[in-house]
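The values are calculated or read from the model by the stated rules, or taken from the named source; none is laboratory data. Bear in mind that the values here come from a model prediction, so they are computed numbers and not experimental data. Positions of Cβ are generated from backbone atoms using ideal geometry, with glycine treated the same way; all protein chains shown enter the neighbour counts. Each accessible area value is taken on the protein alone, full model and side chains, heavy atoms only, with ligands, DNA and RNA left out. Shrake-Rupley method; radii C 1.70, N 1.55, O 1.52, S 1.80 Å.
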Amino acid sequence: MAQNIYDDPAFFAGYSGLTRSQQGLAGAPEWPTLRALLPELEGLRVVDLGCGFGWFCRWAADQGAASVLGIDLSEKMLGRARAETPAGAVSYRRADLDAVELPAASCELVYSSLALHYVEDLAALLAQVHRALLPGGRLVFSMEHPIFMASRKPGWQVDAEGRRYWPVDSYQLEGPRRTDWLAEGVVKQHRTLGTTLNLLIRQGFTLAHVEDWGPSEAQVAAQPDLAEERERPMFLLVAADR
């Protein structure tokens with residue numbers, strides 16, 4: 001079973017205070033890029049893996065999706081999602097993404113935002129997703145970029161010429177990585193970029209788009225703190241077709 005860190009009171013309180021937790025999709029700077037990878041949702045059956053507070057689920061329902069299923073391990077996250085979702089708009093289900101079972105040929109879109117880097121058996125999950133998608137269906141996801149995950153703390157360093165850099169620690173060494181983010185001992189699963197993409201290919205997906213996400217000029221102008229995201233990729237964005 002995956003670590004259920006989101007039900008830890010300290011972690012949940014910290015996570016609830018993040019901009020993206022308070023503003024939803026509008027507070028996620030990578031959202032415009034992710035949205036561009038999505039098909040038209042009118043009439044589609046949609047599954048959101050690691051749905052959190054349900055922001056994407058509600059957006060998908062508003063776009064005319066025929067059905068939306070949000071899946072998450074955290075009772076606290078699902079509790080807030082249910083409380084903020086109009087009755088009948090979305091179905092929510094508690095499940096561990098390391099063991100979830102999805103019905104065959106049951107949807108046209110699977111979406112996941114910043115959840116897959118917690119999954120230990122990603123191959124098994126991708127097999128479930130491939131099985132669930134109808135031919136021509138699409139998987140769109142974001143995850144913590146493996147370069148960022150392998151970064152050595154405390155973070156930014158300065159070289160002899162005064163240039164900042166972000167040191168990377170044992171990038172090729174895959175497996176669990178522990179970090180203190182909002183709470184102590186948060187466990188994420190590090191895989192190289194090649195491993196992640198090859199897992200998709202081996203499960204029968206066709207890669208449609210891969211992006212080492214970084215903010216646009218307009219985003220940096222509006223929010224200067226985003227400039228440091230150009231120093232190393234923090235998010236990996238992928239679209240893959242069944």
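Odds and ends about this structure:
- The distance separating the Cα centre of region 118-152 from that of region 20-79 comes to 16 Å.
- Ordered by 1.4 Å accessible area with all protein chains kept, Ser113, Ser142 run largest first as Ser113, Ser142.
- When the Cα gyration tensor is reduced to axis lengths a ≥ b ≥ c, the ratio a/c stays below 1.5 for region 1-154, which is therefore classed as rounded.
- Taken per residue, the accessible surface of the chain reaches 47 Å², heavy atoms only and a 1.4 Å probe.
- For region 20-141, relative contact order (Cα pairs under 8 Å, six or more residues apart, normalised by length) works out to 25 percent.
- Across region 30-60, the residues whose backbone nitrogen lies under 18 Å from the label position 7 Å along the beta-carbon direction of Thr206 are 37-40.
- Taking region 75-175 and dividing mean pair separation by its residue count, relative contact order in percent (alpha carbons under 8 Å, at least six apart): 22
- Residues in region 192-198 carry Karplus couplings, in order, of 5, 4, x, 4, 4, 5, 5 Hz; the curve used is 6.51 cos²θ - 1.76 cosθ + 1.60 with θ = phi - 60°, and Gly or Pro positions show x.
- Cα gyration tensor shape for region 70-228, rounded if a/c is under 1.5, else prolate or oblate: prolate
- Antiparallel bridge percentage (DSSP; both residues within the chain; nearest 5): 55
- Rotationally averaged projected area of region 73-155 (alpha carbon convex hull; nm²): 7.3
- Distance histogram in 10 Å bins (all Cα pairs of region 17-63, percent per bin): 24, 59, 16, 1
- Mean separation of Cα contacts under 8 Å, 6 or more apart, over the residue count of the chain: relative contact order %: 18
- Surface composition of the chain: carbon and sulfur make up 50 percent of the accessible area, probe 1.4 Å.
- Gyration tensor (alpha-carbon) shape descriptor, region 32-120, a/c threshold 1.5: rounded
- Structure-based [θ]222 nm, the chain - -39500 (n - 2.57) summed over DSSP H runs of at least 4, per residue, nearest 500: -7500 deg cm²/dmol
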